There are 4 protein chains.
Amino acid sequence: MNVNQMNIEENMSVLDLMNEFYSSGVLGAGRVGRSCELLSDMLSNDDMKVFMSVAGPLVPGGLRNIIARMIKNKEIDVLITSGANITHDLLESFGGSHYREYGFDDEKLNEAGMGRIGDIYTKSEDFEVFEKEIINLFSKIANSIDDSNKINIDNSTNMVDSNKPNYNENSNIISIKDLLYEIGLLIEDDNSILKLAAENNIPIFAPGIIDSMFGLQLWMFTQENNLVLDAIADMHDLSDIVFGADEVGAILLGGGLPKHYTLASNLLKGGVDAAIQITMDRSETGSLSGAPLEEAKSWSKAKCGSNLVSVVGDITIIFPLIYAAALDKINK
Amino acid sequence: MNVNQMNIEENMSVLDLMNEFYSSGVLGAGRVGRSCELLSDMLSNDDMKVFMSVAGPLVPGGLRNIIARMIKNKEIDVLITSGANITHDLLESFGGSHYREYGFDDEKLNEAGMGRIGDIYTKSEDFEVFEKEIINLFSKIANSIDDSNKINIDNSTNMVDSNKPNYNENSNIISIKDLLYEIGLLIEDDNSILKLAAENNIPIFAPGIIDSMFGLQLWMFTQENNLVLDAIADMHDLSDIVFGADEVGAILLGGGLPKHYTLASNLLKGGVDAAIQITMDRSETGSLSGAPLEEAKSWSKAKCGSNLVSVVGDITIIFPLIYAAALDKINK
Amino acid sequence: MNVNQMNIEENMSVLDLMNEFYSSGVLGAGRVGRSCELLSDMLSNDDMKVFMSVAGPLVPGGLRNIIARMIKNKEIDVLITSGANITHDLLESFGGSHYREYGFDDEKLNEAGMGRIGDIYTKSEDFEVFEKEIINLFSKIANSIDDSNKINIDNSTNMVDSNKPNYNENSNIISIKDLLYEIGLLIEDDNSILKLAAENNIPIFAPGIIDSMFGLQLWMFTQENNLVLDAIADMHDLSDIVFGADEVGAILLGGGLPKHYTLASNLLKGGVDAAIQITMDRSETGSLSGAPLEEAKSWSKAKCGSNLVSVVGDITIIFPLIYAAALDKINK
Amino acid sequence: MNVNQMNIEENMSVLDLMNEFYSSGVLGAGRVGRSCELLSDMLSNDDMKVFMSVAGPLVPGGLRNIIARMIKNKEIDVLITSGANITHDLLESFGGSHYREYGFDDEKLNEAGMGRIGDIYTKSEDFEVFEKEIINLFSKIANSIDDSNKINIDNSTNMVDSNKPNYNENSNIISIKDLLYEIGLLIEDDNSILKLAAENNIPIFAPGIIDSMFGLQLWMFTQENNLVLDAIADMHDLSDIVFGADEVGAILLGGGLPKHYTLASNLLKGGVDAAIQITMDRSETGSLSGAPLEEAKSWSKAKCGSNLVSVVGDITIIFPLIYAAALDKINK
């Protein structure tokens, strides 16, 4: 098969460009072309549950609305992300923002009350609002658990609706997924990932949530309030989703815990059927973040024979590009 | 100041080589030289609590004995790592091993019951032993909590000894750190990181532990046993350590949750006083894993004016090198 | 200034997507947005001479027609590339092709007579044709120099038309640029970069040309023929172009010799006025390929105050994307 | 085969540490261990000609004396490097130096007359001396060619001593290798790579030499003097060395032209028999610099069955480490 030389003309649509990448077929352009092909297959396959893992600063980095759109359109069935992305989604819901062009002198930024994430900046005044608001939401949720007698954990039952919260009747124990669901219900922001996920019954898992500004506030809240965050409980719900799915497709944006949690939960049923990975991490160090998707086959985290496409690149460039093209590919 | 040209002779000690790196002072060699200087300062500073974060496959990748030695010699005060490293430490304690030279055909490896981590391999028979043994330990610990009436969580108290387990009297709730401590006490393997940590009262934190083979077994155990893993509780102990320390130094091997947990917990007191970072991750994507240590200053996760050295490189090469040299530097 | 959250809709044009990247303004997407802005400025600025450096396998990797189009449309004024790209351009002109999907077993590929470049493949039969044809062209050119008495090198003269070949009357000495020009005139392939460059009077510089299959054939030719390739002569022409330009903009696709040759030749007049760099190389090793464009300011290879945008990414993805968008940006 | 856990003790020699890396056998440490094993084999094999390619700023970056030592001890038979490394070797021979700790504000550095290479700095006053001295050497060499009638190029002869200069009797044509040899003879600096190479009859090839400060001065010299640098001639000498060698081993420090020139010249006899590659470049873009050594087998640039070891890492750290250990390995 030949490498087709790409042709660039005026007035190209994103799909036109993607078709050039796909027909070239080699190097980065070829991988982007194949990842778009697979994404459009995933999004249009009704029998496939789509897990999306989101690591790295994608919410502060401009992908918040894209993730929100995918949830609203039920293009994904499960979202797995970091505490940081949840924190930054809420920060915007509470009126805060993310900023740019403040330079790279970190000691000056510190004095000015700004936190830096690459070339993205946060303001301490936004975090002050965040803290007040999130503590307020934690109180409402803790009180509603206290007031309620209906809530219980029942680990032995197969939960049909995996997104419905389940509490322990004896103490204020809540799972991470359920806490995020309850917060989502209380948010008033139509762009909120948490709100849209709750409304559309898309569960959000965040196994490392404690390691974030959200987690820090949660810890401070528990210094004077009775609330236990159960680190294990979400695995029950995740496994129900995996076993309830005919097929599973994974969109892995970045590595770390979000990537592994998707793969590890699918180990229970022999691995995912398809996966797209976009990351700058490489394989040499043996770290999971940069591991080639093929490696997941050895662990039965991806099925032997599954359709796996990896792209080495910046997610903020690559994902909007393939998502925009996949939308049009599906419609044609 | 001049770049000194390095001289390589026969019969050099590791410290001799490191002195050449240090006097060269530029590029990777210069950074390695400065990181060794800082490491020897950290290890010989009695007023400094040393946090070590370990991400990536460092236990399967040959650094198990080095981490164990540092714990035994009380060179570190806190270990923060991934569920995977804990799993692989236990795998070896239970008689298993890590293997090499089995090729890169992941479908064949799957058939042969081997899991691949870069060029490291595991065998399913070792994991079968692991599963039997770890479930056995979980049972012992769950039973001992049931039997005990002394255990309670007291969040408002400043715990003097942050490594002593504290349980809830009403239900089988345990923190991650305490669970790892209890397991450490039950292990019979003098090379075990978990055992040495428990014996030497060095707390191990693993905020993402659920996302590992250890976590998977824990979840399976809780399907028929009453045990809740409290994701928040460890923050109480971590903050006690931070507030109890005159100074904090951080050795950050890799990124991800282990890196951020060390930095985030030190945010409470204005940031670490010194830090060494070794990673292959880069800054362009804005991800925390590849973020320069300087960025931590903007967030007060590292103090303004703190001593920060980053090395871009493979941890399995760089860390043994600087640790071996630092040992001799301290003695001279 | 705020980070604008990107919106992805159906039926987006490449320019629509680029506008989302630009308004986001941060991380990779922001850098791509700014590089497109700068590219459209460069291409529409009549007072700016545009140098394009092309390193890495971009001709075999699908960018041949894009480079050819830019030459045909006189969007660039100078092309600086590697011997490999010239070899692969000629390989296609002589009827050969580039192939894909032949796997990664290099010993088997060797047996099958295939050369591998990442996931691109060449066939030895195409190289056999290449060798026959290129030797044929070398003969024609050597003979025409022999036959001619008009040709001379005149280093002290300011050459008005820098692309006209200038030969030494005493011996068969030719510069690299002139050799490529002569070959371009002899090629019969309307997609040929060399032919289009010769026809449109766009000089091609390839300072490392000897280190390629083209160079190897040239060496073999000189074993039985009198031809000297003057490595210095091109600097005369390059400097004329630099001094004759009001402003210089540089499009640096990859690093190595092509990147440095553009920057070094502009050192003569205080540096380029604007530059775009796209590469996966990083700065830690100090190598020029991964050096940030800012570093060029210290050397006067880029002017202080010049407009410099770097993108870390795969050129086969990033350049077609920004070029397609820039074409539409210019027209609007 | 098992992964052996490394043991770090006090008072380790570099060879002790290397033995730990080798016995671990995996990830970066394993690759370093194997590269040292191969290096000691290469250096102690009398039937093997060793080519060393040096790309990137290794002379300014502290490796000048190491390269000089290898030449003096005749541990290498051929040196292939960049014009930049030759420039910086001469800069030090002429009394200049390389500097550090001047910060990263490139516009300020420009004002202060300093050029930046990562965290290495040069001073314009050193370059002024360099320019004066190198022009002086060029004059001497050009005059000696003018004065001589003995010199001629004879391409059809198999030259027994490939390092002896061969000039054209009709015009001042010189090859790159011969020019560097003549300069080496004129240098008065016992640490000079060029001087030691000339004295020890180790040829230096620099196919891209024109693209450097050395090349710039050479061009300026030719504006008023008759000197032609023949880009092809060195291939005659290189091929003689390749055909005269029983076996060839390659030490590839960095990528680019120096890497490829070694591999391409060995293509003539079916490829190198052994090679070590140390680089931070990766394979995804298809560029030669980051290409895995295995890829060279498909092109017959490395023999099928040859011993190839690649290390991903910073050369200034990795090469002194493996070289120091290899010296002791050979003696034991």
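The values are calculated or read from the model by the stated rules, or taken from the named source; none is laboratory data. A quick note: this is a predicted structure, and the numbers were derived from the prediction, not measured. Methodologically, a virtual Cβ is constructed for each residue, glycine included, from the backbone with ideal geometry; neighbour enumeration extends over all protein chains shown.
Worth a mention:
- Of all residue pairs spaced 6 or more apart or on separate chains, those with beta-carbon atoms under 6 Å, a first member in the range B:294-321 that is under 15 Å from B:Ala250 (Cα atoms) and a second member that is of a type in the set (Gly, Ala, Ser) and assigned to a helix (DSSP H, G or I) are B:Ala302/B:Ala296; B:Val309/B:Ser35; B:Val311/B:Ser35.
- For the range C:194-205, a tally of residues being without any contact (Cβ under 8 Å) to a residue 60 or more places away in the chain and either at the interface with chain D (Cβ under 8 Å from one of its Cβ atoms) or surrounded by fewer than 21 Cβ atoms within 10 Å (Cβ to Cβ) (or both) returns 2.
- The residues listed here are D:Asp273, D:Asp328, D:Asp314, D:Asp281; of these, the one that is under 29 Å from C:Ile315 (Cα atoms), of a type in the set (Asp, Glu) and at pLDDT 95 or above is D:Asp314.
- Residue that is nearest to D:Glu295 (Cα to Cα) [pool: residues in the range D:247-264 that are within 13 Å of chain C (Cβ to nearest Cβ), more than 11 Å from the chain's Cα centre (by Cα) and of a type in the set (A, V, I, L, M, F, W, C)]: D:Leu263
- Selection count, the range C:95-133, where residues are free of Cβ contacts under 8 Å to residues at least 60 places away in the same chain and either part of a loop (DSSP other than H, G, I, E, B) or hydroxyl-bearing (Ser, Thr, Tyr) (or both): 15
- Assessment of the range C:230-250 against the conditions (crowded, with 24+ Cβ neighbours inside 10 Å, touching a Ser or Thr at 6+ places or on another chain (Cβ under 9 Å) and farther than 25 Å from C:Asn172 by Cβ) yields at least one matching residue.
- Inside the range C:206-246, residues that are among the acidic types (Asp, Glu), more than 7 Å from chain D (Cβ to nearest Cβ) and outside any helix (DSSP H, G or I) make up a count of 2.
- Flag for A:Gly33 being in a helix (DSSP H, G or I) and within 7 Å of another protein chain (Cβ to nearest Cβ): no
- For the range A:283-297, the set of residues classified as assigned to a loop (DSSP other than H, G, I, E, B) and surrounded by 23 or more Cβ atoms within 10 Å (Cβ to Cβ) consists of A:Thr285, A:Gly286, A:Ser287, A:Ala291, A:Leu293, listed by residue number.
- Considered as a group, the residues in the range A:36-64 that are part of a helix (DSSP H, G or I) and more than 18 Å from the chain's Cα centre (by Cα) include one that is farthest from A:Ser289 (Cα to Cα), and that residue is A:Ser44.
- Per-region count, the range B:298-330, residues of a type in the set (Ser, Thr, Tyr), within 14 Å of chain D (Cβ to nearest Cβ) and either closer than 18 Å to B:Asn45 by Cβ or in a loop (DSSP other than H, G, I, E, B) (or both): 1
- Given (1) at pLDDT below 95; (2) surrounded by 18 or more Cβ atoms within 10 Å (Cβ to Cβ); (3) out of contact with any strand residue (DSSP E or B) (no Cβ under 6 Å at 6 or more places or on another chain), number of the condition C:Val160 does not satisfy: (2)
- Qualifying residue in the range C:287-297 (condition: at the interface with chain D (Cβ under 8 Å from one of its Cβ atoms), out of contact with any Pro (no Cβ under 6 Å at 6 or more places or on another chain) and among the hydroxyl-bearing types (Ser, Thr, Tyr)): yes
- Flag for C:Leu268 being part of a helix (DSSP H, G or I), crowded, with 24+ Cβ neighbours inside 10 Å and of a type in the set (A, V, I, L, M, F, W, C): no
- Unmet requirement for C:Ile67, which otherwise passes all of (1) touching a Gly at 6+ places or on another chain (Cβ under 7 Å); (2) aliphatic (A, V, I, L, M); (3) closer than 30 Å to C:Asp190 by Cα; (4) in a helix (DSSP H, G or I): (1)
- One residue stands out among those in the range A:189-235 that are charged (D, E, K, R) and over 19 Å from the mean Cα position of the chain (by Cα): the one that is nearest to B:Asp240 (Cα to Cα), which is A:Glu224.
- Residue among C:Asp119, C:Asp47 that is within 9 Å of another protein chain (Cβ to nearest Cβ) and out of contact with any Gly (no Cβ under 6 Å at 6 or more places or on another chain): C:Asp119
- Reported count of residues in the range B:55-86, each being hydrophobic (A, V, I, L, M, F, W, C) and closer than 21 Å to D:Leu17 by Cα, is 8.
- Cross-chain or 6+ apart pairs with Cβ under 7 Å, the range B:1-24 first and crowded, with 17+ Cβ neighbours inside 10 Å, then among the aromatic types (Phe, Trp, Tyr) and assigned to a helix (DSSP H, G or I): B:Ile8/D:Tyr323
- Only listed residue being surrounded by fewer than 22 Cβ atoms within 10 Å (Cβ to Cβ) and hydroxyl-bearing (Ser, Thr, Tyr), chosen from B:Ser44, B:Ser53: B:Ser44
- Residue in the range D:60-78 that is polar (S, T, N, Q) and within 12 Å of chain B (Cβ to nearest Cβ) present: yes
Yes/no matrix, rows are residues, columns are (1) β-branched (Val, Ile, Thr); (2) at pLDDT 95 or above; (3) more than 20 Å from the chain's Cα centre (by Cα):
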position: D:Lys74; (1), (2), (3): no, yes, no
position: D:Thr87; (1), (2), (3): yes, yes, no
position: D:Ser97; (1), (2), (3): no, yes, no
position: D:Leu109; (1), (2), (3): no, yes, yes
position: D:Thr122; (1), (2), (3): yes, yes, yes
position: D:Val129; (1), (2), (3): yes, yes, yes
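- Number of positions in the range B:171-193 that are in a loop (DSSP other than H, G, I, E, B) and within 10 Å of chain A (Cβ to nearest Cβ): 1
- In this entry, A:Phe104 is excluded by the filter for residues that are modelled with pLDDT of 95 or more, closer than 17 Å to A:Gly215 by Cβ and either within 13 Å of chain B (Cβ to nearest Cβ) or surrounded by fewer than 18 Cβ atoms within 10 Å (Cβ to Cβ) (or both).
- Flag if D:Ser93 is within 11 Å of another protein chain (Cβ to nearest Cβ) and hydroxyl-bearing (Ser, Thr, Tyr): no
- Taken as a whole, the structure places C:Met1 among residues that are within 11 Å of chain A (Cβ to nearest Cβ) and at pLDDT below 95.
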